[in-house]
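A quick write-up on the structure given underneath.
The values are calculated or read from the model by the stated rules, or taken from the named source; none is laboratory data. Since the model is a prediction, treat every value here as computed from it, not as a measurement. Cβ placement follows ideal geometry from the backbone for every residue including glycine, while neighbour counts extend to all protein chains displayed.
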Amino acid sequence: MADPNLSPLWTSEEAEKASGGKALGAWAVNGVSIDTRSLQPGNLFVALQDVRDGHDFVGNAFAAGAEAALVSRNVLGAHPGLLVDDVLPALERLGLAARARTSATCAAVTGSVGKTSVKEMLARIFRAAGHAHWSDKSFNNHWGVPLTLARMPRETERAIFEIGMNTPGEIAPRSNMVRPHLAMITRIAPAHLQGMGSVEGVADEKAQIFAGLLQGGAAILPAKDYFFERLKRRALELQPSADVFTYGGAREKNAASPVSYETDGHVSRITIDVMGDQVTVTLDAVGEHWAANAALALLAASLTGIAPKQAAEALSGYAPPAGRGVAEPLKLPQGGEVTLVDDAYNANPESMRAAIEGVARRPGRKIVALGEMRELGDGSAALHAGLASAILAAKVSGAVLSGAEMKHLADELRARDASIRVVHVTGPAEAAEQVKSWLEPGDVVLIKGSNASGMARVGVALRQMSQIVGSQKASGA
C-alpha cells in the first residue's frame, strides 16, 4: 500500500513530461503496476508487451482500481491514462526521471548467487533507517529495473536495486539507469553459461555493474572469489575514481569479514568485523554462506551512513523470502512433522552446494529433491555430476533427482556410494510423490532447482499434504 505521508508518485503532468507521451485526463497515482493481480487501487497500470500484451488487461486494471494506464494503443475508453509510442521505452524514461528527482543514496547488487538475499537484507536495514525503496521480488531485468525506478518515491533516502542478466550486454544499461553510489558483486559462479559462453564471460558481464557507478562511488567485491583481481581491474576501468571495498576476506580497513559462525540447526549467530567494528547478527537461516551475505549487507549499509551496530540490530531476525531457503514445519499423515527447506526459486552449481551444506547443519535425516540446472551449456553433464561430493559430505539419506540432466548426478552418486537412496524421475509431480513416500517424522527436506525445472511444485504438493493433515485433525477426523 502507498504511504499516506508521501506525495503522489506521479501526476499526469509529470508523467507526460517525463515519458514524452500525451496525458489523457488529469490524474495522480500512488504506485506503478504491470500485473492486474497485484495492482493496488490508485496505481498506474503499465501495459507492457512481454509474454502477454498488457493492453489486453487494461479493463481488468481499471476494474481493480487503477487510476490511469500507460498504453501505446488507446484502449482506455473513458478512463484516464498516458498514451505513448512504445510502452517499455516510456517506462524507462519514467524510471530515469524518478532517479533524477530524488537525492536518495542508491545501491546496486549483482552476482551469480545471493543477490536477491543481499538485496532483501539491505532493504530490511534501509527500512529501519528511514524512507527506503527496493526491487520487488527479483525484478532485475530489462523491465524490472526501470519499473523499480519508476516506483521510487521522491522522498526516498536509500534504495537498493537488483540487476541480473542472461546474455552479454544486459547489465551496463541497467546500471547506467540506476547510477548507483555503491555497486556490489556477490560471487561469480557457472550460471547462464549457455548465453555467456564461459565463467570468464559471466565475470566480465557482472563487472559491468560498475558502468553506471557515480564518480567517487564505492565498488564492493568478493575478496575470496577466483575472479577478484579481474573484477577489481574492470571496476577501476569503468570508474577510475571508485573506492574499492571487499567482503569475506581478511579483516582490513575497507572490508567486512565474518569472524565466527554458529548454528543450532535452526538459527545462525554470526559475528562480523565491519571495517574495524565487530557486531553480531542472528538470522533465521542456516548455512555458512549466510555469513558472507550478511557481511556484504552490513558493509554496504555502513557505506550509506548507517552505523554497523544499528545495521546489525536491524538485520537480526532476517529470514529468507519464499523459495530462497526458508524453512517451515509440515505435518505428516502418520503423525509428527518434517522440516521443508524451500530453495526452489533458482539454482546453479554454487548455490546448490551452499544449500546442501546448509541442510547438512540441520538436525534430522536429510532428503534432497533437486531439479536440473538450466543454461549450463556444454559443461552441463559434468556440473550436475559434480554435486555428488556435496551430497555425500552432507550425509544425505535419499536423493530424488528430477529432469534429464540430473541423470548424470544420479549415476555419479550410485557409482560412489551404494548406501544412499537415489531415484531419478522425469519431473516435479513424480518427484513429489517419491519424496512423500520416503518421509518420516524429524526429516529435513531440501527442494531446489532452476526455476524452469518446476521444483517449486514439490513444495506445493508437500504443503497440501500438510494442510490436509491439519484439516483432518481440526475436524476430528
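Things to note:
- Of the strands (runs of 3 or more DSSP E) that lie entirely inside region 51-134, those containing 2 or more residues that are in contact with a Phe, Trp or Tyr (Cβ under 8 Å, 6 or more places away or on another chain) and surrounded by fewer than 24 Cβ atoms within 10 Å (Cβ to Cβ) span 132-134.
- Tally, over region 349-372, of residues that are in contact with a Ser or Thr (Cβ under 8 Å, 6 or more places away or on another chain) and not in a helix (DSSP H, G or I): 10
- Of all residues in region 168-203, those satisfying the criterion of being within 27 Å of H384 (Cα to Cα), assigned to a loop (DSSP other than H, G, I, E, B) and touching a Lys or Arg at 6+ places or on another chain (Cβ under 7 Å) are T186, I188.
- Considering region 242-267, and only residues there that are farther than 13 Å from A183 by Cα and of a type in the set (S, T, N, Q), the residue that is surrounded by the fewest Cβ atoms within 10 Å (Cβ to Cβ) turns out to be S260.
- Strands (runs of 3 or more DSSP E) within region 266-346 that include 1 or more residues polar (S, T, N, Q) and under 26 Å from W438 (Cβ atoms): 337-343
- Of the candidates E328, E372, E337, the single residue that is over 17 Å from W290 (Cα atoms), touching a helix residue (DSSP H, G or I) at 6+ places or on another chain (Cβ under 7 Å) and of a type in the set (D, E) is E372.
Residue-by-condition table, conditions (1) among the β-branched types (V, I, T); (2) in contact with a Leu (Cβ under 9 Å, 6 or more places away or on another chain); (3) surrounded by fewer than 18 Cβ atoms within 10 Å (Cβ to Cβ); (4) modelled with pLDDT under 95:
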{"site": "G427", "(1), (2), (3), (4)": "no, no, yes, no"}
{"site": "E430", "(1), (2), (3), (4)": "no, no, yes, no"}
{"site": "V435", "(1), (2), (3), (4)": "yes, yes, no, no"}
{"site": "L439", "(1), (2), (3), (4)": "no, yes, no, no"}
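- Screening V32 with (1) β-branched (V, I, T); (2) within 20 Å of H142 (Cα to Cα); (3) surrounded by fewer than 21 Cβ atoms within 10 Å (Cβ to Cβ) gives one miss only, at (3).
- The one condition in (1) surrounded by 19 or more Cβ atoms within 10 Å (Cβ to Cβ); (2) out of contact with any His (no Cβ under 9 Å at 6 or more places or on another chain); (3) in a loop (DSSP other than H, G, I, E, B) that M165 fails to fulfil: (2)
- Yes/no for P321 being under 18 Å from the mean Cα position of the chain (by Cα) and not assigned by TED's automatic domain parsing to the domain that holds K448: yes
- Restricting the first member to region 137-156 and to residues that are in a helix (DSSP H, G or I), and the second to residues that are among the aromatic types (F, W, Y) and at pLDDT 95 or above, the beta-carbon pairs closer than 7 Å and six or more apart or on different chains are V145/F161; T148/F161.
- Within region 278-301, being buried (at least 22 other Cβ atoms within 10 Å of the Cβ), over 17 Å from the mean Cα position of the chain (by Cα) and farther than 27 Å from L340 by Cα holds for V279, L298, L299, A301.
- Evaluating K224 against the criteria (1) within 25 Å of the chain's Cα centre (by Cα); (2) under 23 Å from P173 (Cβ atoms); (3) basic (K, R) leaves one unmet condition, (2).
- Screening the candidates A69, A47, A63 for the property of being among the small types (G, A, S), more than 22 Å from F139 (Cα to Cα) and more than 24 Å from the chain's Cα centre (by Cα) yields one hit, A63.
Residue by residue, here is whether (1) closer than 30 Å to V458 by Cβ; (2) modelled with pLDDT of 95 or more; (3) among the polar types (S, T, N, Q) holds:
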{"site": "A255", "(1), (2), (3)": "no, yes, no"}
{"site": "T263", "(1), (2), (3)": "yes, yes, yes"}
{"site": "N293", "(1), (2), (3)": "yes, yes, yes"}
{"site": "L298", "(1), (2), (3)": "no, yes, no"}
{"site": "E313", "(1), (2), (3)": "no, yes, no"}
{"site": "A322", "(1), (2), (3)": "yes, no, no"}
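Yes/no matrix, rows are residues, columns are (1) among the aliphatic types (A, V, I, L, M); (2) in contact with a helix residue (DSSP H, G or I) (Cβ under 8 Å, 6 or more places away or on another chain); (3) within 27 Å of D284 (Cβ to Cβ):
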{"site": "E229", "(1), (2), (3)": "no, no, no"}
{"site": "R234", "(1), (2), (3)": "no, yes, no"}
{"site": "E237", "(1), (2), (3)": "no, no, no"}
{"site": "A250", "(1), (2), (3)": "yes, no, no"}
{"site": "S260", "(1), (2), (3)": "no, no, yes"}
{"site": "D264", "(1), (2), (3)": "no, no, yes"}
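- Residue match in region 241-251 (condition: at pLDDT below 95 and basic (K, R)): yes
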